[in-house]
Amino acid sequence: MRLVWLLMRLVRRKVARRIATVLGRTRQLGVRFADAANRQDDVWLVWAGRRMALLHVRPRWCRPLWQGEGESAPVIERRTLRWADGSRVRLPAGTLDG
């Protein structure tokens, strides 16, 4: 199976404010993902197949803030991350551009 890794900037508060739209209820997976993304600066999204992780990245280390696999990982549809529970996060324009 071919693995494709894509790193992208989700939040970069010091330079530019990017806003994502979150649709879901308090305990749904998309809302948990958005809460994790808002906790830190220097947040990156990494995925391969049906595994996804949100990482807090620093020059000498990185720490996972959120992880999803199988049903707990979203499907990527254009700029939207959509979870099986119906929650979704619409990312800012240009976020998924390589």
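The values are calculated or read from the model by the stated rules, or taken from the named source; none is laboratory data. In this text the structure is predicted, and so the values were computed from the model without any measurement. So basically every Cβ, Gly included, is an ideal-geometry build from the backbone, and we count neighbours across all protein chains shown. Keep in mind that these areas ignore ligands, DNA and RNA; they rest on the heavy atoms of the full protein, side chains included. Shrake-Rupley method; radii C 1.70, N 1.55, O 1.52, S 1.80 Å.
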Inset, instruction - Any chance you could count how many residues in the stretch 66-88 are touching a Leu at 6+ places or on another chain (Cβ under 7 Å) and in a loop (DSSP other than H, G, I, E, B)? - result: 5
Inset, instruction - Just give me the residues in the stretch 44-63 being within 11 Å of the chain's Cα centre (by Cα) and open to solvent by 60 Å² or more (accessible area, probe 1.4 Å), in sequence order. - result: Trp44
Legend entry - Among (1) modelled with pLDDT of 90 or more; (2) open to solvent by 80 Å² or more (accessible area, probe 1.4 Å) - the single one Glu71 does not satisfy: (1)
Legend entry - Enumeration of residues in the stretch 25-43 that are modelled with pLDDT of 85 or more and open to solvent by 50 Å² or more (accessible area, probe 1.4 Å): Arg25, Thr26, Arg27, Arg32, Asp35
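Return yes when Arg63 is assigned to a strand (DSSP E or B) and at pLDDT 75 or above and no when it is not.
So Arg63 passes the test.
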